[in-house]
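Heads up, the thing below is written out as structure tokens.
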Amino acid sequence: MASDSEEFLAQADKDLMRGIDYSVPHSARIWNYWLGGKDNFAIDQQAGDHYAALFPGIFDLAQAERAFLGRAIRYLVSEAGIRQFLDVGTGLPTEDNTHQVAQTLAPDSRVVYVDNDPLVLAHANALLISTPEGATDYIDADMRDPDRILAQATGLLDFNQPVALLFMGVLGHITDHDEARSIVSRLMDALPPGSYLALNDGANTNEAFNRAQQSYDDTGAVPYRLRSSQQITQFFDGLHVIEPGIVPIPLWRPDLGHPGAPQAMDAVGGVGRKT
């Protein structure tokens, strides 16, 4: 029999879902589809397939971004000793979420997720299943409001100790480059020395990718700005960039057991340390 708290959470999720329009494709559900998830609908699959018809590499890119997240977290936990994570622009839960990867290696890891999408909020309970030694939390906030993020994240994270700030394939939602850099800088400025930035985003290096994104933007959906490799590198200004640098994501510390040589891809990322 469900407890009162379980029934309350279930009703809260239903209330959130009522406010979501399922008649139009949704970027989080499309991304979930590209990753092979189940939290999407026929209209999202149609939009995802239309995008893929223009840029067939999108399925591989989605998987590569997820793999980069895992490798970056493993580095941060196992080599850098990080135990606190601020994951901005979480997206829909899938497999190998930030807390799952981090807490598998260090059960006392603490993770705060940030998103302002009602659909993600409705699924946030899946992000709150923590090890007993660690903790997770979810903040309903827009990345354009870093002060709100910082104020709420202090409920779980200790900003006197190093924190890893994550932006995984989300900063293109901030189409103004100066504004996007300001958001990253404001959050990093609040973190102590020894903190890290782990970031990746789509690069405008492929005309097919550019056309597919423009076609998607032309539908009236929330636009996404693909940036040059140089612009993505600028997010790391002032940080000590960890080897091998800001590179196509499959080339960033590839898994040794992965079959074949890693291939370059139209997404760039890296990890930097605040000194």
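The values are calculated or read from the model by the stated rules, or taken from the named source; none is laboratory data. All of these numbers come straight from a predicted model, not from anything done at the bench. Cβ placement follows ideal geometry from the backbone for every residue including glycine, while neighbour counts extend to all protein chains displayed.
Got a number for residues in segment 129-158 being in a loop (DSSP other than H, G, I, E, B) and under 16 Å from the mean Cα position of the chain (by Cα)?
Summing the residues that are in a loop (DSSP other than H, G, I, E, B) and under 16 Å from the mean Cα position of the chain (by Cα) in segment 129-158 gives 4.
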Report task. Tell me which of these residue 69 doesn't satisfy, since it passes every other one: (1) surrounded by 18 or more Cβ atoms within 10 Å (Cβ to Cβ); (2) touching a Lys or Arg at 6+ places or on another chain (Cβ under 7 Å). Result -> (2)
**Report entry** Which listed residue is in contact with a strand residue (DSSP E or B) (Cβ under 7 Å, 6 or more places away or on another chain) and within 22 Å of residue 63 (Cβ to Cβ), from 169, 155
**Finding:** 169
**Report entry** Hits in segment 205-251 (condition: of a type in the set (A, V, I, L, M), under 17 Å from the mean Cα position of the chain (by Cα) and in a helix (DSSP H, G or I))
**Finding:** 232, 249
Requested in this report: Quick one: residue 115 ticks every box in (1) surrounded by fewer than 17 Cβ atoms within 10 Å (Cβ to Cβ); (2) under 25 Å from residue 185 (Cα atoms); (3) under 15 Å from the mean Cα position of the chain (by Cα) except a single one, so which number is it?
Outcome: (1)
Query raised in the report: Is it the case that residue 149 is of a type in the set (Val, Ile, Thr) and under 21 Å from residue 93 (Cβ atoms)?
Result: yes
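Name the residue that is farthest from the chain's Cα centre (by Cα), counting only residues in segment 159-173 that are among the hydrophobic types (A, V, I, L, M, F, W, C) and either surrounded by 17 or more Cβ atoms within 10 Å (Cβ to Cβ) or in a strand (DSSP E or B) (or both). Show your work before the answer.
Looking only at segment 159-173, we keep the residues that are among the hydrophobic types (A, V, I, L, M, F, W, C), and these are 159, 163-168, 170-171.
Those still in the list that are either surrounded by 17 or more Cβ atoms within 10 Å (Cβ to Cβ) or in a strand (DSSP E or B) (or both) too: 163-168, 170-171.
Details: 163: 16, 164: 13, 165: 10, 166: 7, 167: 5, 168: 3, 170: 6, 171: 9 Å.
Within segment 159-173, the match that is farthest from the chain's Cα centre (by Cα) is 163.
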Query raised in the report: Taking the condition at pLDDT 95 or above, touching a helix residue (DSSP H, G or I) at 6+ places or on another chain (Cβ under 6 Å) and more than 19 Å from residue 195 (Cβ to Cβ), does residue 48 pass?
Result: no
Report task. Confirm whether residue 29 is among the charged types (D, E, K, R) and modelled with pLDDT of 80 or more. Result -> yes
**Report entry** Test result for residue 196, more than 25 Å from residue 271 (Cβ to Cβ) and surrounded by 19 or more Cβ atoms within 10 Å (Cβ to Cβ)
**Finding:** no
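Any chance segment 129-151 includes a residue that's under 21 Å from residue 106 (Cα atoms), touching a residue at least 60 places away in the same chain (Cβ under 8 Å), touching a Leu at 6+ places or on another chain (Cβ under 9 Å) and buried (at least 21 other Cβ atoms within 10 Å of the Cβ)?
No, because not a single residue in segment 129-151 is under 21 Å from residue 106 (Cα atoms), touching a residue at least 60 places away in the same chain (Cβ under 8 Å), touching a Leu at 6+ places or on another chain (Cβ under 9 Å) and buried (at least 21 other Cβ atoms within 10 Å of the Cβ).
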Report summary line: Inside segment 57-98, the number of residues satisfying the requirement of being within 13 Å of the chain's Cα centre (by Cα) and on the phi > 0 side of the Ramachandran plot is 3
